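Everything below concerns the one structure shown next.
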Amino acid sequence: VQLVESGGGLVQNGGSLRLSCAASGLTFGSYAMGWFRQAPGKEREFVAVISWSGDSTYYVDSVRGRFTISRDNAKNTVYLQMNSLKPEDTAVYYCTADRRLRVGGPGGWTYWGQGTQVTVSS
């Protein structure tokens, strides 16, 4: 199984980025997909999760209303649209997959990507 994130980069305060995560080696539609992030010196933090069909989504309070998670099961890809970015959003963003729909901490997720860096300048 491979999860490959892309779309990270450097953006100014208030800007936007769209992250993508391409999955292979798994039956994509059977997995809930999530995004986590980890800033230097901090624990890995839950950001968002989407159900197998995409009809249920959950977000951490700090990104709700600014970030949108979505998926395209035909392309085996999950996205994270990030708007109104803030310097505190700076982190490495990780894509995750699990058969169970998990909300909260990083424990229990089966598969992880290598991460993509997002840096928001002030």
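Which of rounded, prolate or oblate describes the stretch 26-122 when judged by the alpha-carbon gyration tensor and an a/c cut-off of 1.5?
Details: a/c = 1.82, a/b = 1.52, b/c = 1.20.
Prolate.
FRET efficiency for L101 and S122, Cβ-Cβ distance as r, R0 = 25 Å, nearest 0.05? Please report the intermediate quantities before stating the final value.
Working: r = 35 Å, r/R0 = 1.40.
For R0 = 25 Å, the calculated efficiency reads 0.10.
Computing the accessible area with a 1.4 Å probe over protein heavy atoms, can you report the carbon and sulfur percentage for the chain? If you can, show how the numbers build up before the last one.
Working: 2680 of 6010 Å².
C and S atoms contribute 45 percent here.
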Rounded accessible area per residue of the chain, 1.4 Å, Å²: 49
Calculate the spin-label point distance for E88 paired with A22, positioning each point 7 Å from the Cα along the beta-carbon direction, and give it in nanometres. 3.5
Loop sites in the stretch 40-122: GluC sites (Glu not before Pro), DSSP, at most 13 other Cβ within 10 Å: E43
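The values are calculated or read from the model by the stated rules, or taken from the named source; none is laboratory data. Just so it is clear, the structure is predicted and the values come from calculations on it, not from any experiment. Reconstructed Cβ throughout: ideal geometry from the backbone, glycine too, with neighbour counts over all protein chains shown. Please note that ligands, DNA and RNA were not included when accessible areas were found on the heavy atoms of the full protein model with its side chains. Shrake-Rupley method; radii C 1.70, N 1.55, O 1.52, S 1.80 Å.
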